Amino acid sequence: MRIDIITLFPEMFEPVLNESIIGRAQKSGAIEIVCHQLRDFAFDKHRRVDDTPYGGGMGMLMKAEPIALCFEDICAKLGTRPHFVYMSPQGKTLNQKRLKELAEIDNICILCGHYEGVDQRVLDEFIDEEVSIGDYVLTGGEIPAMVFADALCRMVPGVLTNNECFTEESHFNGLLEYPQYTKPAVWRGIEVPEVLMSGHHANVEKWRREKSIEVTRKKRPDLLE
Ligand code: ADE
């Protein structure tokens, strides 16, 4: 999978996407993430990427043309048109099911919004999908794009090792994950559940399944409906 990110702040992504699991996956070639500075595509007299809204009102809007030029440049370089996503609180809220579908796409381009938003014409003409990371508003699309890219990448085959495998994780089968414990077996007088120490595989599986349902019922009853 290749992810292209259009942003006014490409330097924000470096420390996040070049570390840990995502950094390792980029080095191994399983995924490729490329950030594009939108300012490099502002060719008008004042090289502006934003301007005031028609009809008046507060704040600035991102201009259509630099976004269009940047996306067209990405398409030309890739030789294909990526699925173009705009990070926006108006989008459909992301969930694991949708991420799984999107992780099947080879090329995704993410537009990070800033200021008060983006000229509607570029959204209408270019954007395939608006994606929200939740019903709250952030100051820009960069952090949502990082959340989206991270969650997407870990679904790509070869990104997670067996140890990190996602099949049993929270939200994978619509249930939250069962509680887990590591050494020592007794910590500050609190023991690890006995069944986990028994070595009895079937009993461990049964316990985990029951706990998954119990945890989901307690924390996220909406998921069971
Ligand atoms: N930009 C600002 N808030 C956002 C959100 N909740 N999701 C996606 N993009 C955003």
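The values are calculated or read from the model by the stated rules, or taken from the named source; none is laboratory data. Predicted model only: the values in this text are computed from it and were never measured. Here the Cβ is made from the backbone with ideal geometry for all residues, glycine too, and neighbour counts use every protein chain on show. For the accessible areas, the whole protein counts, side chains as well, though only heavy atoms, and no ligand, DNA or RNA atoms are used. Shrake-Rupley method; radii C 1.70, N 1.55, O 1.52, S 1.80 Å.
How about segment 81-103: which of its residues are open to solvent by 40 Å² or more (accessible area, probe 1.4 Å), in a loop (DSSP other than H, G, I, E, B) and farther than 26 Å from GLN120 by Cβ?
ASN95 - this is the single residue of segment 81-103 that is open to solvent by 40 Å² or more (accessible area, probe 1.4 Å), in a loop (DSSP other than H, G, I, E, B) and farther than 26 Å from GLN120 by Cβ.
Looking for something more than 18 Å from GLY140 (Cβ to Cβ), surrounded by fewer than 16 Cβ atoms within 10 Å (Cβ to Cβ) and β-branched (Val, Ile, Thr) - is there at least one such residue anywhere in segment 64-75?
no
Find the residue count for segment 55-81, including only residues that are within 18 Å of GLY113 (Cα to Cα) and not small (Gly, Ala, Ser).
Of the residues in that region, 13 qualify.
Does ASP128 meet the test of being of a type in the set (D, E, K, R), touching a strand residue (DSSP E or B) at 6+ places or on another chain (Cβ under 7 Å) and either touching a residue at least 24 places away in the same chain (Cβ under 8 Å) or surrounded by fewer than 15 Cβ atoms within 10 Å (Cβ to Cβ) (or both)?
It is true that ASP128 is of a type in the set (D, E, K, R), touching a strand residue (DSSP E or B) at 6+ places or on another chain (Cβ under 7 Å) and either touching a residue at least 24 places away in the same chain (Cβ under 8 Å) or surrounded by fewer than 15 Cβ atoms within 10 Å (Cβ to Cβ) (or both).
Consider HIS114 carefully, then state whether it is free of Cβ contacts under 8 Å to residues at least 24 places away in the same chain and either among the charged types (D, E, K, R) or not in a strand (DSSP E or B) (or both).
Judged against the criteria, HIS114 is not a match.
Collect the residues in segment 139-153 that are within 15 Å of LEU94 (Cα to Cα) and part of a loop (DSSP other than H, G, I, E, B), keeping them in residue-number order.
GLY141
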